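Step one of this worksheet: look at the structure below.
The values are calculated or read from the model by the stated rules, or taken from the named source; none is laboratory data. None of these values were measured; they are calculated from a predicted model. When we count neighbours, we look across all protein chains shown, and the Cβ atoms used for this are built from the backbone with ideal geometry, even at glycine. Only protein heavy atoms, including side chains, enter the accessible area calculation; ligands, DNA and RNA are left aside. Shrake-Rupley method; radii C 1.70, N 1.55, O 1.52, S 1.80 Å.
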Amino acid sequence: MRYFNRDLSWVEFNARILDEGTRKDNPLLERIKFLSIVGTNFAEFFQVRVASLKRQSAISDDIDISGEKLSEVLRRISERSHEIMKAQGLELKSALEELSENGVTYVKEADFSEAQEAFVQNLFQKEIFPLLTPLRTDSDFPHIPGKEIFAAFELSVIEGIHTSIPLSAKNFIAFVQIPKGLDRIVWIPNESKTNERTFTLLDDIVLKFGTKLFPGFSVDGSILFSIDRDADSNVDEESGDFVGAMEEVIASRQSSFAVRLMVAGGNKKLTEFLKTNLELTDGDIYETEKEPMMLRPECLLDICDNSTFAYSTSSLNSAKKLFFPPWKNFNPLKKSEKSIWESIKERDRLLNLPYESFEPVVKLLGEASEDGKTLAIKMTLYRTEKNSEIVKSLIRAARNGKQVTVFVELKARFDEQRNISWASQLEKAGAIVIYGIVNLKVHGKAMMIVRKETDGIRRYVHLSTGNYNSKTAKTYSDVALLTANADIANDVTLFFNMISGYSAIQTMSKIAIAPINLKSRLLSLIKREAENSTPENPGMIVAKMNALGHEEIIEALYEASRKGVKVMLNVRGICQLVPNVEGQSENIKVVSIVGRYLEHSRIIYFKNSGNEEIYLSSADWMPRNLDRRVELLFPITDKSCFNELKSNLMSYFDDNTHSSILNSDGTWIRYREGAGEWISAQERMYETSKKKNETAKNAGAEFVVRRK
């Protein structure tokens, strides 16, 4: 075998996340988080990848680079996804039982006590009933938007009741959408354990009292269901109104073809009715375990929060065992008496998120927005959070007369609406907003601040593997560079000129850009390592990324392996390269880390005959990144930053607690070796950042200058 299938490889990544949700050495609520993430991951996977495969297979049952027909890939995806989701349901049931033992109990509608039923009925009548709209199905099948949860009721006319619906109708089936404006977690009275909390789901309440929506009818059966629809629609890149075209794409997702139907309740008639009208097959139906009847369990993330337990158990201390021990992130520039500008001018600074804080980036942009010396700010925005301080600073800078240019990528899937909103606000503030490049996504992360200082114009640059998002910066493992290096700044200036206006391709001294020369740079670096490798001094390539699936890159790595280069790959998700095959990849090792933080950074190391090089990048090694997106690759040249980054990169291959190893048959096995020390790469990096912070603190204490 030469290549694994891309999508089957991704499904196995989700299985590794599920595995974290089953580990009893993980705290309970952290396990529930992992189980919820399995659900959110699958939702996007079916909406995007499975939808795309279904569309392709309807045209032609092609064979991909793994040698499998699309129809066979779809069958195997369905088979393995069913296995994983069944295991997820069983583990969720066990976790909820354990949660009850720790002070928070989930009660299904069938198990309400009299007091709970009275409370819920009153709540239903006053706050839920007015929001419900029953949809009849006897004439036309109603529109069911994707991702929302619905209840379906099988009805029969009560004898002697007159109704406007003809009794000859074949189906008395009605749908009711679970109100999306209300919290799905509903806290209800706990009669016997006042220091603990009890909750039910909004879904359960609608099922319990849904009969009130159908006077004159009895309910013979009911289910909950949710549909995933195709979300892989492409925007009309040539549209004269690109924003309007993008909004049409967003709206079309609610009515595109159905890809997956999730059902809870076990009513075969209702399930078959949905399957037929949505034109799905048996393999597209995913039925949850009867207990708990819970669709889209990501709602449980709302209870995986310390605030839930602050007043719900006898003491917060007793609930601490339910969470990972808190890890504080450290601000590497906080201890310095120098300004942030002076700190960056002094030398390059590396930010290792989330062990180190995103605050220096927020502070840098915040100060620039008010700073009289700042002339201009340029940056790319791909994904950012709802109340972004980054965007607020850009708006403030524009209002303060700075020249602000922002490249807002509207094609960032599922964040399009938010990006449209931010772009509109930036424009109103006076910023120059660029909405995209035709047929390319701008995925590179870059910011440049131009200041007029006493010694002339100086440019401060931020380059990163991750997004300008303060929220994900607390949970995603990313690396960023803060620098005033003139060569880097020159390249970044050319980069912004290229993506914002008319500019011929420019020669850059440090940075490589996809789709121009990033792939060719990687291929040449891999080839150089292979050519320089000897039995006495074998080459080495160490790389960390989210996904690996580019055929040319894989072939180059195979050739390097044959030349004796030791190739160590840390691939979080998709990996189409087949390791450990004699004559092909016997020198290639692939590991994957799934832990408390989402591994998101892209780091590449080349031994280069002792003249070591390390690069950071926004790009994974996939065709979409290297051939169809605007991405950045940049070197780390500062010695201190280099050594820190290399040490962190190598830690991933020492990990024997959260690491899995890829076999040549496509299976992943937990890495365990020897009876020595247990090593967690993420814990080691946390301890390193903590020690680095303490060293800076002590150094600061030794040089405190007292002034009168």
Flagged as over-length at 30 Å C-alpha distance, from LYS441/LYS471; LYS544/LYS692; LYS363/LYS510; LYS321/LYS392, the pairs are LYS321/LYS392
Using +1 at the C-beta of Lys and Arg and -1 at the C-beta of Asp and Glu, which of LEU70, PHE124, ILE144 has the Cα lying farthest in the positive direction of the dipole of region 63-166?
LEU70
Could you sort 453-459, 559-565 so that the peptide with the highest average Cβ count within 10 Å comes first and the rest follow in order?
559-565, 453-459
Which whole-Hz ³J(HN,Hα) couplings does region 342-359 yield from phi under the Karplus relation 6.51 cos²θ - 1.76 cosθ + 1.60, θ = phi - 60°, glycine and proline marked x?
5, 4, 6, 5, 4, 6, 4, 10, 9, 10, 9, 7, x, 5, 10, 7, 7, 4
For the SER57, ASP220 Cβ pair and Förster radius 51 Å, calculated FRET efficiency rounded to 0.05 is 0.85
Relative contact order for region 1-60: what percent, with Cα pairs under 8 Å and sequence separation of 6 or more?
28 percent
Once amide H atoms are built 1.01 Å from N in the peptide plane, which residues 5 or more positions from VAL404, or in another chain, come under 5 Å H to H?
ILE377, ILE432
How many percent of Cα pairs in region 21-71 exceed 13 Å?
67 percent
Output the pairs from LYS328/LYS402; LYS54/LYS269; LYS527/LYS646; LYS607/LYS639 with a Cα-Cα distance over 23 Å in this structure; if there are none, say none.
LYS328/LYS402; LYS54/LYS269
Given the C-alpha centroids of region 12-39 and region 318-383, what is the distance between them in whole angstrom?
30 Å
If the cut-off is 17 Å between C-alpha atoms, which lysines fall inside it for LYS108, apart from same-chain ones fewer than 8 positions away?
LYS93, LYS208, LYS290
Against the longest alpha carbon principal axis of the chain, how many degrees, from 0 to 90 and to the nearest 10, is the axis of helix 681-702 turned?
50 degrees
Quick one: pull the percent of accessible area on region 468-526 belonging to carbon and sulfur, 1.4 Å probe, ligands and nucleic acids left out.
52 percent
In whole percent, the Cα-Cα distances of region 338-433 spread across 5 Å bins from 0 upward as 2, 13, 22, 22, 19, 13, 7, 1, 0
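Test of understanding: what is the full-extension gain from ASN122 to THR40, defined as 0.36 nm times their sequence separation minus their Cα-Cα distance? Working shown, then result.
On the way: separation 82, 0.36 × 82 = 29.52 nm, distance 3.22 nm.
Result: 26.3 nm gained on full extension.
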Highest to lowest packing among 349-359, 378-388, scored as the average C-beta count within 10 Å
349-359, 378-388
Return the long-range amide H neighbours of SER659 (sequence gap of 5 or more, or a different chain), with a cut-off of under 5 Å between placed amide H atoms.
TYR671
Between LEU182 and LYS334, what is the label-to-label distance in nm when each label sits 7 Å out along the Cα-to-Cβ direction?
4.2 nm
Taking H placed 1.01 Å from N in the peptide plane, check which residues at least 5 places from ASN570 or on another chain put their amide H under 5 Å from its amide H.
ALA543, LYS544, MET545, VAL591
Give a residue-ordered list of calculated ³J(HN,Hα) values for region 133-142 (Karplus: 6.51 cos²θ - 1.76 cosθ + 1.60, θ = phi - 60°; whole Hz; x for Gly, Pro).
10, x, 10, 7, 10, 6, 9, 10, 5, x
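Is the shape of region 480-557 rounded, prolate or oblate, going by the alpha carbon gyration tensor and its root eigenvalues a ≥ b ≥ c, with a/c under 1.5 for rounded and a/b larger than b/c for prolate?
Because a/c hits 1.5 or more and a/b exceeds b/c, region 480-557 counts as prolate.
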The chain, dipole about Cα centre (Lys/Arg Cβ +1, Asp/Glu Cβ -1), debye to the nearest 20
2580 debye
Accessible surface of region 29-113, 1.4 Å probe, proportion on carbon and sulfur as whole %:
48 percent
Note on the chain: contact order normalised by length, alpha-carbon pairs under 8 Å, 6 or more apart, percent, works out to 11 percent
Probe of 1.4 angstrom, ligands and nucleic acids ignored: what's the accessible area per residue over the chain, in square angstrom?
44 Å²
Counting only DSSP beta bridges with both residues in the chain, tell me the antiparallel percent, nearest 5.
70 percent
Can you list the HN-Hα couplings for region 524-540, worked out from phi with the Karplus curve (6.51, -1.76, 1.60; θ = phi - 60°), rounded to whole Hz and with x for Gly and Pro?
5, 5, 5, 5, 4, 5, 5, 5, 8, 6, 10, x, 6, 9, x, x, 8
Cα gyration tensor shape of region 82-143, rounded if a/c is under 1.5, else prolate or oblate by comparing a/b with b/c
oblate
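For region 386-469, how big is the tail of P(r) above 16 Å, as a whole percent of Cα pairs?
Cα-Cα pairs of region 386-469 separated by over 16 Å account for 58 percent.
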